[in-house]
Amino acid sequence: MLRSVILAAARSSQVERLVETAPYTRDVVRRFVAGAGTDDALRATRGLVGDGLTVTLDYLGEDTVKPEQAVATRDGYLTLLRALREAGLTPAAEVSVKLSALGQKFDEQLAYDHARAICVAADEAGTTVTLDMEDHTTTDSTLDVLSKLRKDHPGTGAVLQAYLRRTEADCRDLATAGSRVRLCKGAYREPESVAYQSARDVDRSYVRCMNVLMSGAGYPMLATHDPRLIAIGEDRARWFDRGPGSFEFQMLYGIRPEEQARLVAAGYTVRTYVPYGDQWYGYLMRRLAERPANLAFFGRALLSRK
Ligand SMILES: Cc1cc2nc3c(=O)[nH]c(=O)nc-3n(C[C@H](O)[C@H](O)[C@H](O)COP(=O)(O)OP(=O)(O)OC[C@H]3O[C@@H](n4cnc5c(N)ncnc54)[C@H](O)[C@@H]3O)c2cc1C
């Protein structure tokens, strides 16, 4: 219930204005977002790579409605990829891209063209791109764009969401040689017709999907902070004899950093998803919806008079 309310607020421009202008919002944002500019992204990446982690960077933005915004997002990624290459941070750092930030909602071809330009820049920088997955109305379109991109850029990663009923079948389709697939629970508010509603059903689906990916020929990327699912992931790695170079764990910036360090120390490949940029509102609201414990902190920030 609370989760639905927060996800509804994520779509409200009035709530967005209230949140953006609250005095302590910056403190909350800083827990989850590396900063506003490319320099902030590089600084965070350097620190994480120095700690033995790998990184995927998300230049924040989504639901773009104008072609100029899509161009600006594409250019942000091109600048970032050049900077990562010059700083010697590739291939440890790659990028995560939302097609909606590249214009998918109003022109799928435009989003594809921009995504392709980002893939070319990633190739030149010696790294890869992963296409984030958004709400279920975009799944088919995103998988179509992915399959077109993979013709010239086979390292392009997919994301599949365990809460969708279709995902086990999508995992089977994508568990092929060289195919990088991030498996996450899913962060949007979805109807029962397409998505499991209870945490238990989502977790069970996650395990079924993980079994398909870990037993398949591709490169699974297990994105979760859930201790039970991480333990099952470690178990499946032993069972299917997958070493550090053949799958990875992924977690979000600022969430369970001690667990990220523990997995690195245990010899696993761990990738931290690092968002940066000033379009942080939708991202922040999804993080709050996932973990109501963060709300107390956030509430204090909103109500503060300073
Ligand atoms: C790298 C990465 C990329 C992602 N990309 C996408 C994407 O493209 N599309 C999409 O829809 N979603 C994406 N997500 C978000 C994902 O779908 C989930 O919404 C999010 O990861 C929360 O689910 P969870 O697996 O961590 O489990 P949850 O059910 O949120 O949490 C399970 C358990 O994990 C532990 N836990 C969780 N958060 C914390 C915390 N802050 N501190 C301490 N313990 C905690 C607790 O024990 C909790 O009970 C991504 C997530 C990650 C990690």
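Result for the chain in a Gaussian network model with C-alpha springs under 10 Å: among 123, 235, 40, the largest mean-square fluctuation is at 235. The base-10 log of I(q)/I(0) for the chain, evaluated at q = 0.15 Å⁻¹, reads -1.30 [Debye formula, identical scatterers on Cα atoms, solvent excluded]. Of all the options 231, 41, 223, the one that moves most in a Gaussian network model of the chain with Cα springs shorter than 10 angstrom is 231. Taking Cα centroids, how far is segment 220-265 from segment 142-208 in Å? Cα centroid of segment 220-265 versus Cα centroid of segment 142-208: 17 Å apart. Here's the picture: charge each Lys and Arg Cβ at +1 and each Asp and Glu Cβ at -1 in the chain, and of 233, 184, 28 the one pushed furthest to the positive end of that dipole is 28. When only Cα pairs below 8 angstrom with a gap of at least 6 residues are kept, segment 60-131 shows a relative contact order of 42 percent.
For a test of the definition: using alpha carbon positions, the gyration tensor, and the 1.5 limit on a/c, classify segment 191-281 as rounded, prolate or oblate.
oblate
Considering only Cα atoms, the convex hull volume of segment 177-237 works out to 88 Å³ per residue. Projecting the Cα positions of 206, 115, 149 onto the charge dipole of the chain (unit charges on Cβ atoms of Lys, Arg, Asp and Glu, taken about the Cα centre) puts 206 furthest along the positive direction. Computed over Cα pairs, the Kirkwood radius of segment 150-193 leads via Stokes-Einstein (0.890 mPa s, 25 °C) to a diffusion coefficient of 214 µm² per second.
Look at the alpha carbon pairs under 8 Å that are at least 6 residues apart: their mean separation over the length of segment 92-174 gives a relative contact order of 28 percent. Only helices enter the 222 nm calculation for the chain: every DSSP H run of n ≥ 4 contributes -39,500 (n - 2.57), and dividing by all residues gives -16000 deg cm²/dmol, rounded to 500.
Since every read-out is calculated from the coordinates, none of them should be taken as a lab result. In this text, all values refer to a predicted model and were calculated from it rather than measured experimentally. Counting neighbours? That spans all protein chains shown, and the Cβs are built from the backbone with ideal geometry, glycine included.
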